[in-house]
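Below is one structure, written out as structure tokens; comments come after it.
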Amino acid sequence: MLKTFSVTNIGRKRRMNQDYVYSSEQPVGRLPNLFVVADGMGGHNAGDYASRTAVETIVEKIADSPESDPLRIFEHAIQAANTRIRELAAAARELEGMGTTVVAACVGEGVLYVANVGDSRLYVVNRSGIRQITRDHSWVEEMVRRGGLGRAEARNHPDKNIITRAVGAEDTVKADFFSVPIEKEDEILMCTDGLTNMLEDEQIRMILGGGRDIVEKAQELVNAANENGGRDNISVILIEG
């Protein structure tokens, strides 16, 4: 039986929350459960609109999908969300250029299925450590992979928020997909960069290993991110087996 908790917080610096989260422990279409985090971008209300539209479209398409493979279900739903955002942006000048990150997951029998676009993240955390499953689609991460930038430099780089992929940015979108074996004691964390830009991975692991219940742990992550500056919206989904 899954235990889950989700929270989204405006942070200390932003006037609007452009993050959007969806959490269902119950089946959605052919998936046994569904969790989605999105971080919108765009002026005025466009980022808020993009993240909400993407998540709502993904949930709708998954509910109607005839596919049985979770990763193919995710792929088709994310492509549909991309098309929808492009259509809306083309029809209204104030929505031009909007887009959003997406990380989506479902928990199967001993396997975690994940899809991501952008720099929102999914981690698996247990006694042996914290492991980032998703790979950021960001300019800074590309530089780190090519060896042009160290991991410590990347964390404080002025361009760290420039993402290289987003739902809605191009006519088609390329998502990454992962199938990850998981154990009963594993904890799954999905979050936007409002958390990971404020907290080191080890700080996140320490909070999650603190022995509190799932609600307290999620709230403590948000509180710690705000105490460290809260420069962006902060969204968290925690999943325990």
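Hydropathy first: keep DSSP H helices in the chain averaging at least -0.5 on Kyte-Doolittle, then drop any whose Cα extent along the axis falls short of 24 Å, and list what survives.
Once both thresholds are applied, what remains is 46-64, 70-91.
For the chain, what does -39500 (n - 2.57) per DSSP helix run (n ≥ 4), summed and divided by total residues, give at 222 nm, in deg cm²/dmol to the nearest 500?
-10000 deg cm²/dmol
In whole angstrom, how far apart do the alpha carbon centroids of the range 218-232 and the range 27-83 sit?
Here the two parts' Cα centres lie 26 Å apart.
Quote the relative contact order of the chain in percent (integer), defining contacts as alpha-carbon pairs under 8 Å separated by 6+ residues.
RCO, the chain: 27 percent.
In what sequence do Glu187, Glu142 fall when counting other Cβ within 10 Å, fewest first?
Result, fewest neighbours first: Glu142, Glu187.
Given the peptides 216-229, 86-99, 192-205, arrange them by the average over their residues of other C-beta atoms within 10 Å, most packed first.
Result, highest mean Cβ count within 10 Å first: 192-205, 216-229, 86-99.
What FRET efficiency would be calculated for the residue pair Arg14, Lys184, taking the C-beta separation as r and a Förster radius of 35 Å, to the nearest 0.05?
Efficiency, from the Cβ-Cβ distance: 0.40.
Take the Cα atoms of the chain, find their three principal axes, and give me the spread along each one in whole Å, biggest first.
Extents along the principal axes: 49, 43, 36 Å.
Under a Cβ-only charge scheme (Lys and Arg +1, Asp and Glu -1), can you give me the dipole magnitude of the chain about the Cα centre, in debye to the nearest 20?
Around 380 debye, computed over the chain.
No lab work stands behind these numbers, since they all come straight from the coordinates. From a predicted model like this one, the values you see are computed outputs, not experimental measurements. Cβ coordinates were reconstructed from backbone atoms using ideal geometry, including for glycine residues, and neighbour counts include every protein chain displayed.
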